[in-house]
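Q: Following this message is one structure expressed as structure tokens.
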Amino acid sequence: MHDAVEVILAKRDGGELSDSQIDWVIDAYTRGDVADEQMSALAMAILLNGMGRREIARWTAAMIASGERMDFSTLSRPTADKHSTGGVGDKITLPLAPLVAACGVAVPQLSGRGLGHTGGTLDKLEAIPGWRASLSNEEMFDQLEAVGAVICAAGDGLAPADKKLYALRDVTGTVEAIPLIASSIMSKKIAEGTGSLVLDVKVGTGAFMKDLEKARELARTMVGLGTDAGVHTVALLTDMSTPLGRTAGNAIEVAESVEVLAGGGPADVVELTLALAREMLAGAGRSDVDPAEKLADGSAMDVWRTMIRAQGGDPDAAMKQARESHVVSAPSTGVLTRLDAMAVGMAAWRLGAGRAKQGAAVQDGAGVLWHARPGDEVTEGEPLFTLLTDEPERFERALASLDGGFDIAAPGTTYQATPLVLDRIG
Ligand code: URA
């Protein structure tokens, strides 16, 4: 038998936690026998002193064991899932899930809501009138068999220890600990029962991991956890110093995703969607299918429409538009050489696309559109950003976050683009 103070002291003093200490503390915390203040102290000790590979694996296993495990092994097709560590303008799941399903691989995508300046897939999809995020396990299974793709909220039964711990980390400055991020993500993905998994580990100003080495360490840790649990896992490290596409918000990101499904859309969104789709198909043993063809021939769009309808949504309904807009003009003529993901993410968040308090509602129509991407020519006085919100009093703080968030160099300056996919681990 253990007690919380003994476990906290062991980690505070730089020791390794034993398997039985880890099993005990996760179970006792889930049941409410370890108090939030004790778990906060332990999370901070883990953030400061780290964890070894065995400890992270055991911590992850204990979080999985705190709830149920789903099983899709009786489906008629293989399964693959994708998880992004969170970014700005990251709407990739929306075109990706139906695209991979159109290629013959089922996608059980349990998604989350926005966190801080990063957007959440469920918040985006809820901008579609009628669309429902909560499905029972049975509904999820049936939709996977019939449609091939589901994007929904994780049920309460899945890794409940993570639900509690995640909310606690969010308010105690302990989100950025690699062992805690890796175990949080992987406990949910392993419990979800996907056969293969592709991790999109974001790197840059708009990501939780700001530098490449830290992101690599996170990716290696997660790939190790997945592989040890029998899930085919690879990670792509992708740039998040520039926001993805041309929109950050909810309804406006759905609209951009539909453009991609219709064969258009911003080049970077298409590139990342296809790169992740190829990895998911390879992991599920279907490298023979070319996802670019399924995007071009409309079959991914057909799955999207069926998937949205299956969850009560109307893919043809007009989405809510923000009541107010404010245009920011380019202050000079030249070449846009930097567009900072964090600045754009904060602006979208402050306009009401994200929430300031857990459980608060988000605005469907709020967000930021940018009219130029790095490398584009801009002209003084022409629109650079359009800010959208229902509450005009939000403009001032959103504008403040865009301050210093972009650079315009003299006309004719050559712009050296950084690659979108920075590395692959797996
Ligand atoms: N996403 C998660 O699910 N958990 C984390 O800790 C960070 C991002």
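The values are calculated or read from the model by the stated rules, or taken from the named source; none is laboratory data. Computed from a predicted model, the values in this text were never measured in an experiment. Using ideal geometry, Cβ is built from the backbone for each residue, glycine included, and neighbour counts are taken over all protein chains shown. Remember, those area values only see protein heavy atoms, side chains included, never the ligands or the DNA or RNA. Shrake-Rupley method; radii C 1.70, N 1.55, O 1.52, S 1.80 Å.
Q: If you go through segment 319-328 one residue at a time, do you hit one that is open to solvent by 30 Å² or more (accessible area, probe 1.4 Å) and modelled with pLDDT under 95?
A: Within segment 319-328 (the criterion being open to solvent by 30 Å² or more (accessible area, probe 1.4 Å) and modelled with pLDDT under 95), the answer is yes, since at least one residue qualifies.
Q: Give segment 347-363 a look and list any residue that's surrounded by 18 or more Cβ atoms within 10 Å (Cβ to Cβ) and polar (S, T, N, Q), or say none.
A: GLN363
Q: If you take the residues in segment 135-181 that are within 30 Å of ALA41 (Cβ to Cβ) and open to solvent by 50 Å² or more (accessible area, probe 1.4 Å), which one is nearest to the ligand (Cβ to nearest atom)?
A: Top of the filtered list is TYR166.
Q: Check THR205 against each of (1) within 12 Å of the ligand (Cβ to nearest atom); (2) touching an Asp or Glu at 6+ places or on another chain (Cβ under 8 Å); (3) assigned to a loop (DSSP other than H, G, I, E, B) and name the one condition it does not meet.
A: All conditions are met except number (1).
Q: List pairs: first residue in segment 286-298 and closer than 12 Å to VAL260 by Cβ, second residue open to solvent by 60 Å² or more (accessible area, probe 1.4 Å) anywhere in the structure, Cβ distance under 7 angstrom, at least six positions apart or on different chains.
A: PRO291/ARG278
To keep it simple, each residue is scored yes or no on (1) modelled with pLDDT of 95 or more; (2) more than 16 Å from the ligand (Cβ to nearest atom); (3) not acidic (Asp, Glu).
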| position | (1), (2), (3) |
| --- | --- |
| GLY32 | yes, yes, yes |
| ASP36 | yes, yes, no |
| ILE46 | yes, no, yes |
| ALA62 | yes, no, yes |
| VAL100 | yes, yes, yes |
| LEU110 | no, no, yes |
| GLY120 | no, no, yes |
| ILE128 | yes, yes, yes |
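Q: Also: Which of the numbered conditions does GLU259 fail, given that it passes all the others? Conditions: (1) assigned to a loop (DSSP other than H, G, I, E, B); (2) in the same structural domain as GLU126 (by TED's automatic domain parsing); (3) surrounded by 15 or more Cβ atoms within 10 Å (Cβ to Cβ).
A: Result: GLU259 passes all but (1).
Q: Has segment 64-75 got at least one residue that is within 16 Å of the ligand (Cβ to nearest atom) and touching a Pro at 6+ places or on another chain (Cβ under 7 Å)?
A: yes
Q: Taking the stated definitions as given, is ALA251 more than 24 Å from GLU293 (Cβ to Cβ), more than 16 Å from the ligand (Cβ to nearest atom), aliphatic (A, V, I, L, M) and out of contact with any strand residue (DSSP E or B) (no Cβ under 6 Å at 6 or more places or on another chain)?
A: yes
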